[in-house]
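Input: a single structure, listed below in structure tokens.
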Amino acid sequence: VLAWLIAIQGMALLTVPSGFVIFRSLPDKGYLFSKILGLMLVGLIAWLLASLKWVAFSRESIGLALLLIAVASLILLRRNRHDMLDFVKRRWSVIAISEVVFMAAFLAFVMVRMANPDLWHPWRGGEKPMDMAYLNAVLRSTYMPPYDPWFAGGYINYYYWGQFLTATLIRITSISPSIAFNLAVPTFFALTVGASFSLVYNLAEGTRRRLTTGIAGIKERGLHWSPAFAGLGAALFVTVFGNLDGAIQVGHGIKRVVMLGEPFGQFDFWRSSRMMPPDPPGL
């Protein structure tokens, strides 16, 4: 887990200068967006090199991608170092809160995967076996598109970008794919939480600033709520509260244990993502 987090945080820090320039107009300068930007840029460069048949997908191609990003970041850092240092001094609390939000989301979902780490549910496993097959296909392919694990001699004619980003982290850390799969899911969850938090935090903080600077004659109206709480609420609604089936299953399990004296039962992760109920028997 530590090696995985170091890889993610390293790529994020490497792209902070780029994020600072791209998201300069945002109150938090896109700090959390840099975590997405870092992984996306490294993956994109490595993917382009492999797709154009210039450099095989390997640690070397990823290292080349990191080097290119580092050069660009150093140039941007030299040009904007005073503004960046001033931002860190004035808004270090925003950076700290952002890191806490990301880490809390990542570790919380790691615990979820620890409770259900298997990658093969033959009757309700959903797409995990297919995801694992595509991930291994990407890892074993030197150039893109990857070979098709279901069709000998063919190539994947399907979207595989998420598997490629995961494979990039695997190349860097040398973590086993079966373990990395259970780290990738919390990673994408934490990135979604971070993006939701940052988006709404910036909207709320921008609104607060407008209201407190007297735009159009509006004066400060005692806005005591914090934009950080607005960001946290948005992250929860996007990633947790948007689907209450999990809470319902937990409630039913507690009812079975407390009121009926029965076992809690098995949590059905697959059920919570179904838009329609299964067909009745006989159809």
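The values are calculated or read from the model by the stated rules, or taken from the named source; none is laboratory data. All of these numbers come straight from a predicted model, not from anything done at the bench. FYI the Cβ positions are ideal-geometry reconstructions off the backbone, even for glycines, and counts take in every protein chain you see. Heavy atoms of the whole protein, side chains included, go into the accessibility calculation; ligands, DNA and RNA do not. Shrake-Rupley method; radii C 1.70, N 1.55, O 1.52, S 1.80 Å.
Summed over the stretch 182-206, residues that are open to solvent by 20 Å² or more (accessible area, probe 1.4 Å) and either charged (D, E, K, R) or not in a helix (DSSP H, G or I) (or both) total 0. Each residue in the stretch 77-123 was checked for being more than 15 Å from Pro186 (Cα to Cα) and either basic (Lys, Arg) or in contact with a strand residue (DSSP E or B) (Cβ under 9 Å, 6 or more places away or on another chain) (or both), and 6 pass.
The residue list Met40, Met103, Met84, Met130 contains one member that is open to solvent by 30 Å² or more (accessible area, probe 1.4 Å), at pLDDT below 90 and not hydroxyl-bearing (Ser, Thr, Tyr), which is Met130. Assess whether Ile170 counts as being of a type in the set (A, V, I, L, M), surrounded by fewer than 18 Cβ atoms within 10 Å (Cβ to Cβ) and within 19 Å of the chain's Cα centre (by Cα). Taking the combined requirement at face value, the residue does not satisfy it.
In the stretch 107-119 there is no residue matching the filter, namely being more than 22 Å from the chain's Cα centre (by Cα) and open to solvent by less than 70 Å² (accessible area, probe 1.4 Å). Would you check which residues across the stretch 133-159 are at pLDDT below 90 and within 20 Å of the chain's Cα centre (by Cα) and list them? Across the stretch 133-159, the qualifying residue is only Tyr159.
Checking the structure you have, find out if any residue of the stretch 257-277 is at pLDDT 85 or above, of a type in the set (D, E, K, R) and not in a loop (DSSP other than H, G, I, E, B). No: the stretch 257-277 contains no residue that is at pLDDT 85 or above, of a type in the set (D, E, K, R) and not in a loop (DSSP other than H, G, I, E, B). If we scan the stretch 164-173, do we find a residue that is of a type outside the set (A, V, I, L, M), part of a loop (DSSP other than H, G, I, E, B) and at pLDDT below 95? No, the conditions are met nowhere in the stretch 164-173.
Of the residues making up the stretch 2-37, those that are in contact with a Leu (Cβ under 7 Å, 6 or more places away or on another chain), closer than 19 Å to Ala190 by Cα and either modelled with pLDDT under 90 or not aliphatic (A, V, I, L, M) (or both) are Trp4, Thr15, Gly19, Lys35.
Could you go through the stretch 121-138 and let me know if any residue there is under 17 Å from Leu49 (Cα atoms) and not hydroxyl-bearing (Ser, Thr, Tyr). Among the residues of the stretch 121-138, at least one is under 17 Å from Leu49 (Cα atoms) and not hydroxyl-bearing (Ser, Thr, Tyr), which makes the answer yes.
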